[in-house]
Amino acid sequence: MPNEMRLQRQLEHNKRLREQYELERIPVSQASTLLIKYCMSNRDVFVTQVWGEMDKSEDPFMAQPKGCCTLM
Amino acid sequence: MSYDMSERIAIARKEAEYLKDKIREKKSALNDSSLKSMSQELEPLTRIGMRIRRVLKGHLAKIYALHWATDKRHLVSASQDGKLIVWDAYTTNKVYAIPLRSSWVMACAYAPTGNFVACGGLDNMCSIYNLRTREGSVKVARELSAHSGYLSCCRFLNDRQILTSSGDMTCMLWDLDAGVKLMEFNDHTGDVMSLSISPDQRLFVSGACDATSKVWDIRTAKCVQTFTGHESDINAVQFFPSGDAFATGSDDASCRLFDLRADREMNIYTHDNILCGITSVAFSISGRLLFSGYDDFNCNVWDTLRGERVGVLMGHDNRVSCLGVSSDGMAMCTGSWDTTLKVWS
C-alpha cells in the first residue's frame with residue numbers, strides 16, 4: 001500500500017479515536033440509578049411482586065373470545 | 001519512500017496510542033460501581049409465574065421470525081414452509097396466510113400502522129406486502145433488492161421507510177414509495193444478524209457476527225458508538241424500553257446489557273450450565289425482565305437489574321428461534337423450530 005494511503009487511513013482512524021475520547025459519558029453509578037428508576041416507575045404485569053396481580057377483567061386472554069373454536 | 005511521509009505515519013501511530021490510553025483512563029474513572037451491586041437493595045424476584053395461554057398452530061416447517069403488531073393482539077410469523085401468517089393472538093385465528101415467492105425466509109416485520117408486513121431471507125431481498133388493499137386481497141407492494149447477502153432482520157420506521165440488516169455486513173434504509181435504497185450503514189466486519197430501532201426513532205442498534213454491536217444515527221448514517229465484550233456472533237439485539245440501553249444475545253451463551261450514556265457493558269446474563277447460543281431477546285414493558293430464547297429449546301427469564309435468572313419457560317420441542325413482547329406488555333410470544341408459536345402471560 002502506498003504511504004499516502006497508509007497515512008490517510010491512520011489519520012481517519014485517529015479522527016474516530018478523538019471522537020471516542022470526546023464522547024460524553026456518565027458514570028456507571030448514575031447510569032445504574034437511571035435504569036433502576038425506569039424499571040420501578042413503569043407498571044409491568046409480569047412483575048407481580050412489585051405491581052401486584054393483574055385483575056381478571058384486565059387480562060385479554062381471559063375474555064371469552066367470539067368465534068367457533070379457540071385453544072385455551 | 002519519503003522520509004517526511006514515514007515520519008508522519010509514525011507520529012500518527014503514536015497519537016493513536018496516546019488517544020487509546022486517554023480513552024481507557026476516562027472510562028476507568030467512570031467505572032465507580034456496577035448495576036448488579038447497585039441493584040442489591042432491590043427485592044429479588046421470586047419465580048415468575050408465566051404460563052402458556054395460547055398455542056398458535058398452522059405452520060408446517062421451522063418458524064424463523066415473529067413480530068407483534070402495535071395493536072397488541074396481532075402478530076406475524078415467518079416459516080420456511082414458505083408462508084407468512086398473521087395471527088389474532090387472542091382467538092388464535094389466522095387472519096392472513098401469505099404464500100411467499102421464496103421459502104427461505106429469515107425475517108419478518110409488522111408496520112406500526114398495521115397496513116404492511118415485510119419479510120426476507122436467502123433471496124437477499126426485502127418483500128413488502130400490503131394487507132389493506134382496496135380489492136381486499138394481500139398483494140406484494142415492493143421487492144427491495146440491493147443487498148448482496150441474506151436478509152437477517154427488517155423493521156419498519158413507518159409506512160414509508162424500512163430498515164434492513166444483512167449477511168453482506170451492511171444495514172440499509174429504504175424508501176417504500178420509490179422502492180429504493182436511501183442510505184447504507186457500513187462499518188461491521190461480519191454478517192449483521194439483528195437490528196432494533198430506538199423508541200424515538202433517531203437511532204438504531206445492530207448486532208453482528210464480528211461480536212460487536214453498533215449504534216447508528218439514522219439521519220446521518222454514521223456509527224456513533226460501538227460496543228465490544230461478546231466472544232462470539234451476536235444473534236439478537238433489542239432496545240431497553242427507555243431507549244437508553246439495549247440487550248444482546250450471542251452464540252457465546254450470554255446476554256448482555258449495554259448503556260448508551262455510560263458507553264459500556266452494564267450487566268451479563270449467564271450461568272455455568274447454559275452452554276448454548278441465544279437466538280432472540282426481548283424486554284418486558286418496564287425493562288425489569290429480559291426474555292431470551294435458546295438453542296436448547298428453552299426461554300430464560302432474567303432480572304435485568306440484579307442479573308439473576310428468575311424463570312425458565314419450557315414449552316417447545318425444538319430451538320426457540322424468535323420471541324417478542326406485545327406493545328402493552330401483556331403477552332410474550334415465542335416461536336420455534338417445532339413449528340408452533342406460544343403466547344405466555
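Could you tell me the accessible area of residue B:308 in Å² (1.4 Å probe, neighbours in place), rounded to the nearest ten?
The value for residue B:308 is about 70 Å².
Using the Karplus equation 6.51 cos²θ - 1.76 cosθ + 1.60 (θ = phi - 60°), what ³J(HN,Hα) coupling, rounded to whole Hz, does each residue of segment B:142-153 give in order, writing x for Gly and Pro?
8, 10, 8, 10, 5, 5, 9, x, 4, 8, 9, 7
Going by a ≥ b ≥ c, the root eigenvalues of the Cα gyration tensor, does segment B:112-269 fall in the rounded group (a/c under 1.5), the prolate group (a/b larger than b/c) or the oblate group?
Taking the square roots of the gyration eigenvalues as a ≥ b ≥ c, segment B:112-269 is prolate.
Considering only protein heavy atoms, what per residue accessible area in square angstrom results for chain A with a 1.4 angstrom probe?
Averaged over the residues of chain A, the accessible area is 68 Å².
Can you list the HN-Hα couplings for segment B:68-76, worked out from phi with the Karplus curve (6.51, -1.76, 1.60; θ = phi - 60°), rounded to whole Hz and with x for Gly and Pro?
Residue by residue, segment B:68-76 yields 6, 7, 6, 7, 6, 10, 9, 8, 10 Hz.
Using only atoms on other chains, find how many Cβ atoms lie within 10 Å of each Cβ of peptide B:280-288 and report the average.
Across B:280-288, the average partner-chain Cβ count within 10 Å equals 5.
List for segment B:256-279: residues with 50 Å² or greater reduction in accessible area, all protein chains versus chain alone, probe 1.4 Å?
B:261
Jot down the radius of gyration and Dmax of the protein assembly as shown, Cα atoms only, both in angstrom.
Answer for the protein assembly as shown, Rg first and Dmax second: 22.4, 84 Å.
Report the full-extension gain for the segment residue B:22 to residue B:201: residue separation times 0.36 nm, less the Cα-Cα distance, to one decimal in nm.
In short, 61.2 nm is gained.
Considering only C-alpha atoms, what is the centroid distance from segment B:136-175 to segment B:65-133, in Å?
Each part's Cα centre sits 13 Å from the other's.
Report the residue, chosen from A:49, A:20, A:30, that carries the largest GNM mean-square fluctuation when chain A is represented by alpha-carbon nodes joined by springs under 10 Å.
Evaluated over chain A, the most mobile residue of the options is A:20.
Once you've got the GNM for chain B with C-alpha springs shorter than 10 Å, pick whichever of B:201, B:238, B:40 has the biggest mean-square fluctuation.
Its mean-square fluctuation being the largest, the pick is B:40.
Let me make sure I get this right: for chain A, a, b and c are the square roots of the gyration tensor eigenvalues over alpha carbons, sorted descending. Under 1.5 in a/c it's rounded, otherwise prolate if a/b > b/c, else oblate. Which is it? Don't skip to the answer; put the middle values down first.
Working: a/c = 8.00, a/b = 2.35, b/c = 3.41.
Taking the square roots of the gyration eigenvalues as a ≥ b ≥ c, chain A is oblate.
Could you state how much accessible area is buried at the B-A interface, both sides summed, with a 1.4 Å probe, in Å² to the nearest 100?
Interface between B and A: roughly 5200 Å².
Quick check: the angle from helix A:3-22's long axis to the longest principal axis of chain A, C-alpha only, nearest 10 degrees?
50
State whether chain B is rounded, prolate or oblate according to the following rule on the C-alpha gyration tensor (a ≥ b ≥ c being the square roots of its eigenvalues): a/c under 1.5 gives rounded; otherwise a/b larger than b/c gives prolate, and the remaining case gives oblate.
oblate
Per residue, how much accessible surface does segment B:37-154 expose to a 1.4 Å probe? Answer in Å², no decimals. Each step should come with its number before you reach the end.
Details: 5280 Å² over 118 residues.
For segment B:37-154, the solvent-accessible area averages 45 Å² per residue.
So for the pair residue B:29, residue B:97, with labels modelled 7 Å out along Cα→Cβ, what separation do we get in nm?
If labels sit at residue B:29 and residue B:97, their model points lie 6.4 nm apart.
Once you've got the Cα coordinates, tell me which of A:37/B:22; B:62/B:214; A:15/B:27; A:37/B:36; B:36/B:222; B:14/B:222 are over 22 Å apart.
Too far apart for the 22 Å limit: A:37/B:22; B:62/B:214; B:36/B:222; B:14/B:222.
Largest first, please: the extent of the C-alpha atoms of segment B:239-287 along each principal axis, to the nearest Å.
31, 22, 14
So for segment B:65-196, taking the charge dipole from beta-carbon charges (+1 Lys/Arg, -1 Asp/Glu), which of B:70, B:192, B:80 sits furthest toward the positive end?
My answer, from the dipole projection, is B:70.
Roll a 1.4 Å probe over the protein heavy atoms and report the accessible area of residue A:38 in Å², nearest 10.
So the heavy atoms of residue A:38 present about 60 Å² to solvent.
Relative to the longest principal Cα axis of chain A, at what angle does helix A:28-41 sit, 0 to 90 degrees, rounded to 10?
Tilt relative to chain A: about 20 degrees.
Which of the listed residues, B:242, B:92, B:5, is farthest toward the dipole's positive end in chain B, when Lys, Arg count +1 and Asp, Glu count -1 at the beta-carbon?
My answer, from the dipole projection, is B:92.
Taking H placed 1.01 Å from N in the peptide plane, check which residues at least 5 places from residue B:341 or on another chain put their amide H under 5 Å from its amide H.
Excluding prolines and chain starts, which carry no amide H, the hits are B:56.
Please arrange B:301, B:224, B:325 by accessible surface area, largest first, computed with a 1.4 Å probe and ligands excluded.
Details: B:301 0, B:224 65, B:325 30 Å².
Most to least solvent-accessible, the answer reads B:224, B:325, B:301.
First compute the accessible area of chain B with a 1.4 Å probe, then give the percent of it belonging to carbon and sulfur atoms.
Carbon and sulfur: 48 percent of the exposed surface of chain B.
Using Cα positions and a limit of under 30 Å, work out the lysines in reach of residue B:57, with same-chain residues fewer than 8 apart set aside.
Candidates past the 8-residue exclusion: A:56, A:66, B:72, B:83, B:94, B:139, B:342.
Gaussian network model of chain B, Cα springs within a sub-10 Å range: biggest mean-square fluctuation belongs to which of B:178, B:16, B:146?
Top of the fluctuation ranking is B:16.
Determine the dipole magnitude for segment B:251-312: charges of +1 sit on the beta-carbon of Lys and Arg, -1 on that of Asp and Glu, nothing else is charged, the reference point is the Cα centre, and the result goes in debye to the nearest 20.
For this selection, approximately 320 debye.
Mind pulling the angle between the C-alpha long axis of helix B:3-30 and the longest principal axis of chain B? Nearest 10 degrees, somewhere in 0 to 90.
Value to nearest ten degrees: 60.
The values are calculated or read from the model by the stated rules, or taken from the named source; none is laboratory data. All values reported here derive from a predicted model rather than from experimental measurement. Reconstructed Cβ throughout: ideal geometry from the backbone, glycine too, with neighbour counts over all protein chains shown. For the accessible areas, the whole protein counts, side chains as well, though only heavy atoms, and no ligand, DNA or RNA atoms are used. Shrake-Rupley method; radii C 1.70, N 1.55, O 1.52, S 1.80 Å.
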